[in-house]
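S.K.: I'd like to ask you about the structure that follows.
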Amino acid sequence: MQTPLQLQQTEGSDASAAATRGFAEFVQNQIQAHAGTLPEGFPLDVTDVQDLKDARIAYGFPVYTVDPKDILTPRSDFSSMARPTGVWRFLISRDSRPIGLATVEKINGTWQTTSYGGAGLSKDLDALMQFHGNANRSNLRFIRIFQARSDFLEVASGNGTAPRFAPLQSAREALLLQQRASKTGSAAADAAGGLVDASQFAESLRASVQANLANFR
C-alpha cells in the first residue's frame, strides 16, 4: 500500500504526463490557427504564438485549499486545515522565464489539461518557490482560498516549528497585507524573506471569506 507521499508522487507523475501531452497539442493547434499573430487575450505571456515552440512544461504542484467553515471558526492552525483539491498546476517556462500555468484535473478517471493562464501568478509564484523551496520543493504547498480570492505559499520549517506563509500578490491585494505592514511599520516579513505567521493574516482572511460568502446568499 502506498503512503500518502507515494500517492502524491504517482498522482503528480500522471498529471505531469497529461500536462506535457496537453501542452504539445495546445502549441500545435495555436500555431496552426494563429501563425504569425497573437490572439487578443492570449492566456500566456508571449509576443507571438511561434514563441510557444520554445516553451515547455516545467514543474508542477498540487493545489490545496481550506474549507470556509474552518476559516470562520476561531482555529489558529491554518496549515492543518489545508486539504488537496485534486487539481494540479504546472509552470510553463520559455528560456527559463515563467510565461503561465497549465491547470490539470482528473475527469472521468483521466488526467486532462483544463485551462491555461495565470501569467502574472506564475512569475510571482516561481520567484517565491525559487527563494523558499528546497531542491525538490517538498517543503512548499500552494494554498488557494477561493472564497477570499487569495493564494499563499506555505513554507515548512526544517526545525519542527510551525510553517510560515508567503502571501502571493492576490492575497497581498485582497487582504490589504501590504498596506497593513506599512501602517504598522513592521519589518518582520521583510526580514524573513516575505514570510508571515498565519496569525498575521487570519483575521483579514476570515473577514474576507465572511464578506464574500454573504454576497452569494
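The values are calculated or read from the model by the stated rules, or taken from the named source; none is laboratory data. Owing to the predicted nature of the structure, the values given are computational and were not obtained by experimental measurement. Positions of Cβ are backbone-derived with ideal geometry, glycine not excepted, and every protein chain shown enters the neighbour counts. Keep in mind that these areas ignore ligands, DNA and RNA; they rest on the heavy atoms of the full protein, side chains included. Shrake-Rupley method; radii C 1.70, N 1.55, O 1.52, S 1.80 Å.
S.K.: Under a straight-distance cross-link criterion of Cα-Cα below 20 Å, which aspartates and glutamates are reachable from LYS53, leaving out those fewer than 8 residues away in the same chain?
M.R.: Here the aspartates and glutamates satisfying the reach criterion relative to LYS53 are GLU25, GLU40, ASP45, ASP95.
S.K.: Per residue, how much space in cubic angstrom lies within the convex hull of the C-alpha atoms of region 1-96?
M.R.: 148 Å³
S.K.: A follow-up question, please. On each of the three principal axes of the Cα atoms of region 9-50, give max minus min coordinate, whole Å, ordered largest first.
M.R.: Each principal axis gives a Cα extent; for region 9-50 these are 38, 18, 12 Å.
S.K.: Let me ask you something else. So what's the back-of-envelope 222 nm ellipticity for the chain, counting only DSSP H runs of four-plus at -39500 (n - 2.57) apiece and dividing by all residues, rounded to 500? Numbers along the way, then the final one.
M.R.: Working: 8 runs with 85 residues, N = 217.
The helix contribution divided over the chain gives -11500 deg cm²/dmol.
S.K.: Could you compute how much accessible surface LYS106 exposes when probed at 1.4 Å, giving the result in Å² to the nearest 10?
M.R.: Roll a 1.4 Å probe over it and LYS106 shows about 120 Å².
S.K.: Using heavy-atom solvent-accessible surface (probe 1.4 Å) with all chains present, what is the largest-first order of ILE71, ILE31?
M.R.: Result, largest first: ILE31, ILE71.
S.K.: Let me ask something else about it. Once the mean 1/r over all distinct Cα pairs of the chain is inverted, what Kirkwood radius in angstroms do you read off?
M.R.: 18.7 Å
S.K.: What is the packing order of peptides 141-148, 37-44, taking the mean over residues of other C-beta atoms within 10 Å and listing the highest first?
M.R.: The densest-packed peptide leads the list: 141-148, 37-44.
S.K.: Give the long-range amide H neighbours of ALA58: residues separated by 5 or more places, or on another chain, with amide H under 5 Å away, using H modelled in the peptide plane at 1.01 Å from N.
M.R.: For ALA58, whose amide H was placed from the backbone, the distant partners under 5 Å are LEU91, ILE92, SER93.
S.K.: Can you find, among ILE107, LEU5, VAL27, the residue farthest towards the positive end of the dipole of the chain? Put +1 on the C-beta of Lys and Arg, -1 on that of Asp and Glu.
M.R.: LEU5
S.K.: What percent do you get for the relative contact order of the chain when only Cα pairs under 8 Å and 6+ apart count? Before the final figure, lay out the partial values.
M.R.: Details: 335 pairs, mean separation 35.6, N = 217.
Reported as a whole number, the value is 16 percent.
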